[in-house]
1. Using alpha carbon centroids, what distance separates the range 200-249 and the range 40-115, in Å?
2. Restricting to DSSP H runs of at least four residues, report the calculated mean residue ellipticity at 222 nm for the chain, -39500 (n - 2.57) per run over all residues, nearest 500 deg cm²/dmol.
3. Taking K and R as +1 and D and E as -1, what net charge do the other residues with C-beta under 12 Å from the C-beta of Phe282 add up to?
4. Given a 1.4 angstrom probe, I'd like the percentage of the accessible area of the range 1-143 that is carbon and sulfur, rounded to a whole number.
5. Give me Rg over Rh for the chain, both radii from the alpha carbons and Rh done the Kirkwood way, two decimal places.
6. Rounded, prolate or oblate: pick one for the range 425-477, where a ≥ b ≥ c are the square roots of the eigenvalues of its C-alpha gyration tensor, a/c under 1.5 means rounded, and failing that, prolate if a/b is larger than b/c, else oblate.
7. Name the shape class, rounded, prolate or oblate, that the alpha-carbon gyration tensor gives for the range 55-136, where a ≥ b ≥ c are the square roots of its eigenvalues, rounded holds for a/c under 1.5, and otherwise prolate holds if a/b is larger than b/c and oblate otherwise.
8. In square angstrom, what is the accessible area per residue of the chain with a 1.4 angstrom probe?
Amino acid sequence: MEAKSTIEAGKAVLGIEFGSTRIKAVLIDGENKPIAQGSHEWENQLVDGLWTYSIDAIWAGLQDCYTNLRADVKRQYGTEIRSLAAIGISAMMHGYMPFGADDKIQVPFRTWRNTNTAQAAAELSELFAFNIPLRWSISHLYQAILNGEEHVKDIKFLTTLAGYIHWQLTGEKVLGIGDASGMLPIDPDTKNYDARMVEQFDRLVAPKGFGWRLSDLLPRVLPAGESAGRLTPEGAKLLDPSGHLEPGTPLCPPEGDAGTGMTATNSVKQRTGNVSAGTSSFSMLVLEKNLSKPYEVIDMVTTPDGSPVAMVHCNNCTSDLNAWVNLFKEYQQLLGVPVDMNEVFGKLYNHALTGDADCGGLVAYNYFSGEPVTGLAEGRPLFVRSAGDKFSLANFMRAHLHAAVGVLKIGNDILFKEEKVAVDRITGHGGLFKTPGVGQRILAAALNSPISVMETAGEGGAWGIALLASFLVNNEAHLSLPDFLDSRVFAGNKGTEVAPTPEDVAGFNAYIENYKAGLGIEQAAVKWKK
Ligand SMILES: Nc1ncnc2c1ncn2[C@@H]1O[C@H](COP(=O)(O)OP(=O)(O)O)[C@@H](O)[C@H]1O
Ligand SMILES: O=C(CO)[C@@H](O)[C@@H](O)COP(=O)(O)O
């Protein structure tokens with residue numbers, strides 16, 4: 001069916017993902033191919049020392065993104081979206097969105113980026129004998145309890161950003177299993193929150209007498225393929241204030257951007273892996289067997305169909321690169337040369353590849369915020385060199401590209417070298433890969449592994465959640481998610497692969513030794529630069 005007829009017949013499927021810097025919408029056809037797109041740029045705010053997005057910014061952003069998609073549909077096909085076959089909502093994971101009896105958020109949304117939860121995360125990790133990262137929702141909840149915050153006793157519902165949007169659109173308090181695994185660990189056998197940990201938590205906070213139990217607060221867990229409610233009339237208006245969109249569309253379980261990244265890269269099967277590289281970076285390897293022990297730097301999540309995944313998560317990836325690229329943009333403007341940002345990125349990133357493989361001794365720490373993997377509670381973006389280092393533009397840019405995936409390398413060394421995790425394929429996606437071939441080659445050197453990139457790399461997450469929505473309504477053959485992706489979506493398409501060269505790997509290793517040796521400089525910067 002032609003794209004226009006698909007849209008007019010109400011057979012198109014919509015995926016929306018709330019990324020840290022961009023809300024993206026992708027419309028796909030019956031063959032799961034993108035046919036229209038929309039987006040909205042936004043930024044987190046540091047309010048009273050905590051990273052947040054306001055509720056108004058969330059809805060204004062969603063509506064602008066959808067309006068943008070409608071405009072794209074009008075421009076390309078001269079038609080309007082009136083009904084859809086399915087919708088999926090995805091977003092940045094974790095964080096803290098507690099709601100009270102009036103269904104209003106009780107404190108500003110605390111995002112994944114906050115590192116104020118160290119005490120809670122450490123105590124819970126010990127209690128559960130399981131690594132509980134700082135950004136997990138349970139850490140935020142317990143930190144609020146440790147802080148004696150007034151609102152905690154009145155919480156009625158605690159969810160993630162995707163869970164919140166989904167609830168407002170459908171009235172359903174549910175969450176996809178992957179996103180749920182970033183609130184509280186999931187038991188792979190029951191495919192539900194880990195009952196032992198739920199009980200331990202209830203016992204831990206019982207003396208406070210809050211009058212709720214943890215299971216009263218959390219969204220119901222759903223695996224991919226389960227029905228998760230329908231778009232209500234109020235929900236339709238929230239999404240499309242122009243009033244064209246009809247209610248009634250089924251929604252798939254809302255997922256986190258980890259699960260949608262796995263889906264968009266066909267990496268939900270054992271021995272597959274993927275790396276998301278945008279504002280943050282995170283690698284996700286689907287495990288064949290459990291790790292031998294918990295590691296503070298390895299986060300355990302699940303695929304959208306509930307298989308265990310080992311994640312290395314780094315809070316900082318492209319923000320510092322953007323800061324430098326913007327500086328060069330300003331210089332270009334000063335010279336009176338018109339600016340095309342893709343060109344600025346493309347020129348600087350490709351030039352970086354002409355630098356030395358070890359960046360000539362230059363080192364960068366891209367820590368806009370704290371970085372749990374390297375033990376930094378706060379961050380100060382930092383560039384360091386000695387007078388004798390080879391200071392050139394190429395080495396400078398390369399040092400920052402290496403920094404963007406440096407922490408990822410440190411964490412993955414544990415998985416590959418100590419745990420001997422085996423993967424057949426790792427696929428990269430996210431904004432870092434938008435300049436073809438560069439982020440891919442740097443990541444291949446960092447992980448000492450071939451890296452594949454698909455054409456959809458830049459919009460991966462929104463496409464991923466659209467695929468999960470399609471899996472809900474277009475899976476007449478009742479295939480498993482991996483089989484559906486293999487046969488109905490990817491059909492042998494593995495993207496373009498780049499293998500690491502020995503010289504790049506040796507260079508990256510030399511860089512990372514300088515990086516690790518200099519971490520004290522970053523610690524000193526945090527201490528002294530207020
Ligand atoms: N042409 C380009 N080449 C390389 N990187 C790019 C290009 N355009 C945008 N980017 C990077 O993509 C990042 C956004 O990536 P994305 O995965 O969409 O992030 P998020 O989900 O965190 O919002 C930008 O911050 C920028 O660094
Ligand atoms: O924390 C996680 C995954 O565990 C992400 O949701 C978070 O880093 C946000 O990702 P983006 O930088 O928006 O791609």
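The values are calculated or read from the model by the stated rules, or taken from the named source; none is laboratory data. Computed from a prediction, not measured in an experiment: that's the story for all the values here. Glycine also receives a Cβ, built like all others from the backbone with ideal geometry; neighbour counts cover every protein chain displayed. Note: accessible area is taken over every heavy atom of the protein model, side chains too, but ligands, DNA and RNA are not part of it. Shrake-Rupley method; radii C 1.70, N 1.55, O 1.52, S 1.80 Å.
1. 15
2. On the way: 18 runs with 197 residues, N = 530.
Using -39500 (n - 2.57) per qualifying helix, the result is -11000 deg cm²/dmol.
3. Values: positive: Arg135; negative: Asp257, Asp299.
That works out to -1.
4. Details: 2580 of 5300 Å².
Looking at the range 1-143 in its full context, I get 49 percent from C and S.
5. Details: Rg = 22.4 Å, Rh = 23.5 Å.
Ratio of gyration radius to Kirkwood radius: 0.96.
6. Numbers: a/c = 4.01, a/b = 2.24, b/c = 1.79.
In terms of gyration-tensor shape, prolate.
7. Values: a/c = 3.20, a/b = 2.47, b/c = 1.29.
Prolate shape, in that a/c is at least 1.5 and a/b is the bigger ratio.
8. Numbers: 20680 Å² over 530 residues.
I get 39 Å² per residue for the chain.
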